[in-house]
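S.K.: My questions all concern the structure below.
The values are calculated or read from the model by the stated rules, or taken from the named source; none is laboratory data. None of the values given here were measured: they were computed from a predicted structure. All Cβ positions, even for glycine, are placed from backbone atoms using ideal geometry, and neighbour counts span all protein chains on display. To get the accessible areas, we keep the full protein, side chains included, count just its heavy atoms, and leave off ligands, DNA and RNA. Shrake-Rupley method; radii C 1.70, N 1.55, O 1.52, S 1.80 Å.
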Amino acid sequence: MMRIKALPDVPRWAVLAAHAVPLVTLPSGLWRLALVAGLPVTQDADLGAMGLGESVYVVSLSVVSELLAFLTLGLVRPWGEVFPRWMPFLGGRRVNPAAATGAALAGVAGLCAIAAWGAYASYADLGPGIPATPAQDALLAVCYAPLLAWPVLLAAVAVAYRRRRRGEERRGGGRQYGAGRPAPSSWV
(Lines give C-alpha, C1' and ligand atoms only; values in the text may rest on other atoms or scores of the structure.)
Protein backbone atom coordinates (compact mmCIF):
# COMPACT_ATOMS: atom_id res chain seq x y z
CA MET A 1 0.00 0.00 0.00
CA MET A 2 1.28 3.45 -0.90
CA ARG A 3 2.15 5.68 2.06
CA ILE A 4 1.11 9.31 1.77
CA LYS A 5 3.39 11.75 3.59
CA ALA A 6 1.81 13.84 6.31
CA LEU A 7 2.31 14.85 9.90
CA PRO A 8 1.70 12.03 12.39
CA ASP A 9 -1.23 13.65 14.21
CA VAL A 10 -3.27 14.51 11.09
CA PRO A 11 -6.41 12.39 10.61
CA ARG A 12 -6.17 10.07 7.61
CA TRP A 13 -9.33 11.52 6.05
CA ALA A 14 -7.77 15.00 6.11
CA VAL A 15 -4.60 13.70 4.45
CA LEU A 16 -6.64 12.04 1.71
CA ALA A 17 -8.79 15.16 1.24
CA ALA A 18 -5.72 17.40 1.00
CA HIS A 19 -4.13 15.12 -1.58
CA ALA A 20 -7.39 14.97 -3.55
CA VAL A 21 -7.53 18.75 -4.09
CA PRO A 22 -4.76 18.92 -6.74
CA LEU A 23 -6.39 15.95 -8.46
CA VAL A 24 -9.83 17.58 -8.69
CA THR A 25 -8.33 20.69 -10.31
CA LEU A 26 -6.33 18.71 -12.86
CA PRO A 27 -9.09 17.83 -15.39
CA SER A 28 -10.16 21.46 -15.90
CA GLY A 29 -6.52 22.51 -16.33
CA LEU A 30 -5.97 19.78 -18.89
CA TRP A 31 -9.14 20.87 -20.72
CA ARG A 32 -7.83 24.45 -20.90
CA LEU A 33 -4.43 23.25 -22.12
CA ALA A 34 -6.18 21.17 -24.78
CA LEU A 35 -8.08 24.29 -25.82
CA VAL A 36 -4.84 26.27 -26.19
CA ALA A 37 -3.24 23.38 -28.08
CA GLY A 38 -6.06 23.54 -30.62
CA LEU A 39 -7.57 20.16 -29.82
CA PRO A 40 -11.28 19.86 -30.69
CA VAL A 41 -12.73 20.56 -27.23
CA THR A 42 -14.96 23.30 -28.71
CA GLN A 43 -16.19 23.96 -32.22
CA ASP A 44 -13.87 26.94 -32.68
CA ALA A 45 -10.77 25.31 -31.16
CA ASP A 46 -8.67 25.60 -34.29
CA LEU A 47 -5.13 26.93 -33.98
CA GLY A 48 -6.02 30.44 -35.08
CA ALA A 49 -8.95 30.93 -32.68
CA MET A 50 -6.84 32.25 -29.78
CA GLY A 51 -4.35 35.03 -29.84
CA LEU A 52 -1.08 34.89 -27.95
CA GLY A 53 -2.41 36.95 -25.03
CA GLU A 54 -5.45 34.71 -24.61
CA SER A 55 -3.29 31.60 -24.79
CA VAL A 56 -0.91 32.90 -22.12
CA TYR A 57 -3.88 33.81 -19.92
CA VAL A 58 -5.48 30.38 -20.24
CA VAL A 59 -2.22 28.53 -19.55
CA SER A 60 -1.48 30.86 -16.61
CA LEU A 61 -4.95 30.21 -15.21
CA SER A 62 -4.27 26.47 -15.30
CA VAL A 63 -0.86 26.81 -13.66
CA VAL A 64 -2.03 29.21 -10.94
CA SER A 65 -5.09 27.12 -10.06
CA GLU A 66 -2.94 23.99 -9.75
CA LEU A 67 -0.38 25.81 -7.59
CA LEU A 68 -3.15 27.11 -5.32
CA ALA A 69 -4.56 23.59 -5.08
CA PHE A 70 -1.13 22.30 -4.01
CA LEU A 71 -1.12 24.78 -1.12
CA THR A 72 -3.77 22.61 0.53
CA LEU A 73 -1.03 20.06 1.19
CA GLY A 74 0.58 22.56 3.56
CA LEU A 75 -2.31 21.98 5.94
CA VAL A 76 -1.17 18.37 6.48
CA ARG A 77 2.59 18.60 5.86
CA PRO A 78 5.47 20.02 7.93
CA TRP A 79 5.74 23.15 5.79
CA GLY A 80 2.26 24.11 7.02
CA GLU A 81 3.62 24.22 10.59
CA VAL A 82 7.03 25.83 10.01
CA PHE A 83 8.04 27.80 6.91
CA PRO A 84 10.80 26.05 4.91
CA ARG A 85 14.27 27.49 5.52
CA TRP A 86 14.69 28.55 1.88
CA MET A 87 11.89 31.14 2.15
CA PRO A 88 13.25 34.68 2.53
CA PHE A 89 12.34 36.45 5.79
CA LEU A 90 10.04 33.62 6.94
CA GLY A 91 12.26 30.53 6.74
CA GLY A 92 12.29 28.53 9.98
CA ARG A 93 9.48 30.52 11.64
CA ARG A 94 6.25 28.92 12.79
CA VAL A 95 3.20 29.40 10.60
CA ASN A 96 0.46 31.38 12.34
CA PRO A 97 -2.48 28.92 12.51
CA ALA A 98 -5.07 31.70 12.35
CA ALA A 99 -3.45 33.19 9.24
CA ALA A 100 -3.21 29.81 7.50
CA THR A 101 -6.79 28.93 8.37
CA GLY A 102 -8.01 32.39 7.40
CA ALA A 103 -6.27 32.19 4.02
CA ALA A 104 -7.73 28.74 3.40
CA LEU A 105 -11.24 29.80 4.34
CA ALA A 106 -10.91 32.96 2.22
CA GLY A 107 -10.02 30.61 -0.63
CA VAL A 108 -13.13 28.58 0.12
CA ALA A 109 -15.25 31.75 -0.01
CA GLY A 110 -13.65 32.80 -3.29
CA LEU A 111 -14.17 29.37 -4.85
CA CYS A 112 -17.82 29.36 -3.74
CA ALA A 113 -18.30 32.84 -5.20
CA ILE A 114 -16.78 31.75 -8.53
CA ALA A 115 -18.99 28.65 -8.61
CA ALA A 116 -22.10 30.69 -7.76
CA TRP A 117 -21.31 33.26 -10.44
CA GLY A 118 -20.69 30.51 -12.99
CA ALA A 119 -24.01 28.85 -12.17
CA TYR A 120 -25.85 32.17 -12.31
CA ALA A 121 -24.17 33.22 -15.58
CA SER A 122 -25.05 29.88 -17.14
CA TYR A 123 -28.65 30.03 -15.89
CA ALA A 124 -29.11 33.67 -16.96
CA ASP A 125 -27.46 32.93 -20.31
CA LEU A 126 -24.88 35.69 -19.82
CA GLY A 127 -22.02 35.94 -22.25
CA PRO A 128 -21.54 34.30 -25.62
CA GLY A 129 -21.12 30.75 -24.29
CA ILE A 130 -18.86 28.13 -25.76
CA PRO A 131 -19.99 26.77 -29.13
CA ALA A 132 -19.79 23.01 -28.82
CA THR A 133 -21.35 19.74 -29.85
CA PRO A 134 -23.15 17.60 -27.26
CA ALA A 135 -20.02 15.44 -26.89
CA GLN A 136 -17.87 18.53 -26.32
CA ASP A 137 -20.39 19.83 -23.77
CA ALA A 138 -20.22 16.48 -21.96
CA LEU A 139 -16.42 16.61 -21.94
CA LEU A 140 -16.52 20.14 -20.53
CA ALA A 141 -18.93 19.04 -17.77
CA VAL A 142 -16.82 16.00 -16.89
CA CYS A 143 -13.67 18.14 -16.70
CA TYR A 144 -15.17 20.98 -14.69
CA ALA A 145 -17.55 19.09 -12.36
CA PRO A 146 -14.73 17.90 -10.04
CA LEU A 147 -13.96 21.56 -9.27
CA LEU A 148 -17.14 21.65 -7.18
CA ALA A 149 -15.36 19.42 -4.64
CA TRP A 150 -12.44 21.85 -4.24
CA PRO A 151 -14.06 24.28 -1.75
CA VAL A 152 -15.62 21.43 0.24
CA LEU A 153 -12.34 19.53 0.55
CA LEU A 154 -10.38 22.69 1.34
CA ALA A 155 -12.85 23.73 4.05
CA ALA A 156 -12.72 20.30 5.69
CA VAL A 157 -8.91 20.22 5.69
CA ALA A 158 -8.70 23.82 6.96
CA VAL A 159 -11.05 23.09 9.86
CA ALA A 160 -9.08 19.93 10.74
CA TYR A 161 -5.86 21.98 10.62
CA ARG A 162 -7.26 24.64 12.91
CA ARG A 163 -8.61 22.09 15.40
CA ARG A 164 -5.29 20.26 15.47
CA ARG A 165 -3.26 23.45 15.91
CA ARG A 166 -5.66 24.85 18.51
CA GLY A 167 -5.34 21.65 20.55
CA GLU A 168 -1.56 21.96 20.20
CA GLU A 169 -1.69 25.54 21.54
CA ARG A 170 -3.83 24.48 24.52
CA ARG A 171 -1.30 21.81 25.43
CA GLY A 172 1.36 24.47 25.80
CA GLY A 173 2.87 24.65 22.35
CA GLY A 174 3.10 20.94 21.68
CA ARG A 175 5.52 19.65 19.12
CA GLN A 176 7.22 22.00 16.71
CA TYR A 177 7.50 20.08 13.48
CA GLY A 178 10.49 21.25 11.57
CA ALA A 179 11.80 23.41 14.40
CA GLY A 180 15.55 23.65 14.49
CA ARG A 181 17.55 22.43 11.54
CA PRO A 182 15.35 20.01 9.55
CA ALA A 183 16.74 17.11 7.61
CA PRO A 184 16.88 17.77 3.84
CA SER A 185 14.34 15.01 3.22
CA SER A 186 11.77 16.43 5.64
CA TRP A 187 10.45 18.96 3.09
CA VAL A 188 9.74 16.37 0.42
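S.K.: Under a point-charge model restricted to the Cβ atoms of Lys and Arg (+1) and Asp and Glu (-1), what is the dipole moment magnitude of segment 102-169 relative to its Cα centre, in debye to the nearest 20?
M.R.: For segment 102-169, the charge dipole is close to 460 debye.
S.K.: Sticking with this structure for a sec: Which one of Phe70, Ala121, Thr101 is farthest out on the positive end of the charge dipole of segment 1-151, using unit charges on Cβ (Lys, Arg +1; Asp, Glu -1) and the Cα centre as origin?
M.R.: Thr101
S.K.: Could you list which residues have their amide H under 5 Å from that of Val10, counting only those 5 or more apart in sequence or on another chain, with H placed in the peptide plane?
M.R.: none
S.K.: Okay, moving on. Could you state the orientation-averaged shadow area of the convex hull built on the Cα atoms of segment 60-175, in nm² to one decimal?
M.R.: Orientation-averaged projected area of the Cα hull: 9.3 nm².
S.K.: Taking the square root of 5 times each eigenvalue of the Cα gyration tensor, what semi-axes in Å does the equivalent ellipsoid of segment 60-118 have, largest first?
M.R.: After diagonalising the Cα gyration tensor, the semi-axes are 25, 14, 9 Å.
S.K.: Here's a follow-up. Once amide H atoms are placed 1.01 Å from N in the peptide plane, what residues at a sequence separation of 5 or more from Val82, or on another chain, have their amide H within under 5 Å of its amide H?
M.R.: Val95
S.K.: When the accessible area of segment 1-138 is split by element with a 1.4 Å probe, what percent falls to carbon and sulfur?
M.R.: 72
S.K.: Another question, if that's okay. Mind ranking 85-97, 138-150 by how tightly packed they are, going by the mean number of other C-beta atoms within 10 angstrom, highest first?
M.R.: 138-150, 85-97
S.K.: Report ³J(HN,Hα) in whole Hz for each residue of segment 148-158, in order, from the Karplus equation J = 6.51 cos²θ - 1.76 cosθ + 1.60 where θ = phi - 60°; Gly and Pro get x.
M.R.: Along segment 148-158, the couplings run 5, 7, 4, x, 5, 5, 4, 4, 4, 5, 5 Hz.
S.K.: Now for a separate question. Percentage of Cα-Cα pair distances in segment 1-126 greater than 24 Å, rounded to whole percent?
M.R.: Value for segment 1-126: 46 percent of Cα pairs lie more than 24 Å apart.
S.K.: Pairs of Cα atoms under 8 Å, at least six residues apart: use those to get the relative contact order of segment 1-142, whole percent.
M.R.: 26
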